[in-house]
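Okay, so here's the structure we're looking at.
The values are calculated or read from the model by the stated rules, or taken from the named source; none is laboratory data. These numbers come from a predicted model, not from an experiment. FYI the Cβ positions are ideal-geometry reconstructions off the backbone, even for glycines, and counts take in every protein chain you see.
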Amino acid sequence: MSAQAVYLGLVATTIGYTLAAAPRQFAPASSIGVSAKEIGSARNIVTHWQTSWGSFDRDYLATRDIEIEIHNLSQLPARIAIDFYFVGRPQRLPTPHKLFSKHSFIVNVAASYQERFSLRSDVLHSREMYYATLGERYTSGYEIEGWILFARLPGQPQPFDKVSSSRAMLEHLDWFPDALREFENATNARPNYASEIDPVPAPEAKPNEMEPSTPLIVVQPTPKTIETAGPLNTPQGSAPTLASPPTATFITITKPTKITIGRRDEIIPPGTKVQLVARAADTVQVRYKGESTFVKISSTDLEKRHRDNGP
C-alpha cells in the first residue's frame, strides 16, 4: 500500500471519529414554549353513614386531567425534561402545601413542531366526620389545590420555564423546597440528572416520541387498594419491544347513579356501559361521556361478576 493511500485512510478515519464524537445539537431553551391547562376533573363523595340531624362520615375522592403543549420554534430538534407536580392541601385549610404526585419524563420535539399530551393525577383521598349535636368536625387527608410544571434542559436541575394552575403559586414558591424534600424522603428517591443525557448521539426525534427520565416517580394515593384497570393518558417511554396495549374493561351501571362532573350533576341510567379506570374497596373510577368520575361498586355489575366467577 502506498504512503498516499495510508495518509488518506488516516484522514478519513479522523474525520469519521470527529463527526461521531461531535455533540448533537438541540434547540436552545429560548426557542421553546411550554403551556398547560386543566381539561377535566372528577370528584366523588362516598358516605359511610349519615343522620337526619346532620351528622355524617364521608370520603372524598378527586382527580385532575391536565393538557401540556410544547412548541419548538427552532430549526433544531428539541429535547426537554418535564417535572410535573400535583399539589394538595389539608381539607378546608389553606396550608401547608403538600406534593402528592410527580411525573418526570423527557419529551423530544421535532424542529419547528409542537407536541400536545395529557396527564392525570393520582386519586387523592380525604375524609370528613361531623357530629352535629356536638358541633365537632374532624378531617384527614388532602384535597387537590393545583399543580406546577417545571421545564428544563436534560441534565440541568434549574428550570428555564415554570407553569402553574395559579399565579399566586408561582409568585410564592418559598414552601416548595421543604415540600419537595418531604416528598423525596417519603418516596426514597432523588432525581438523577446525569442519566437524562444521551452518552452517544441519538437518532432524530420523531413526533410523539417520548422517553422516560430516571427516576420516574409515581406516588400511589390512599387508599392503597386502588388497582389500575386500564392505561392512563400519560406519556410512555419507548421500549425495544412494543407490547399490545391492555384491552379496555367495561362495566354496566345497574342502578340510577347520580354523579358530579365539574360543576354539573348528572344521572347515569341503568344499563349504561362505562369504561373501568381504577377500583378501590367499595368504589370504582370510570369514564362516562369522556369524563372521569367515581361510583359505588354496588351500583355496577362488578359484584355479580365476582360472585359468578367465584373467589
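Among the candidates Ser41, Ser30, Ser35, the residue that is loosely packed, with under 10 Cβ neighbours inside 10 Å and at pLDDT 85 or above is uniquely Ser30.
Among the numbered conditions (1) at pLDDT below 85; (2) outside any helix (DSSP H, G or I); (3) out of contact with any Gly (no Cβ under 6 Å at 6 or more places or on another chain); (4) of a type outside the set (Lys, Arg), the only one that Tyr17 does not meet is (2). Just the residues that are part of a loop (DSSP other than H, G, I, E, B), small (Gly, Ala, Ser) and out of contact with any Phe, Trp or Tyr (no Cβ under 9 Å at 6 or more places or on another chain), please, taken from the range 151-188. Listed by number, the list holds a single entry, Ser166. For the range 160-174, give me each residue that is under 30 Å from Ser195 (Cα atoms), out of contact with any helix residue (DSSP H, G or I) (no Cβ under 9 Å at 6 or more places or on another chain) and surrounded by fewer than 17 Cβ atoms within 10 Å (Cβ to Cβ). The answer is Leu170, Leu173, Asp174.
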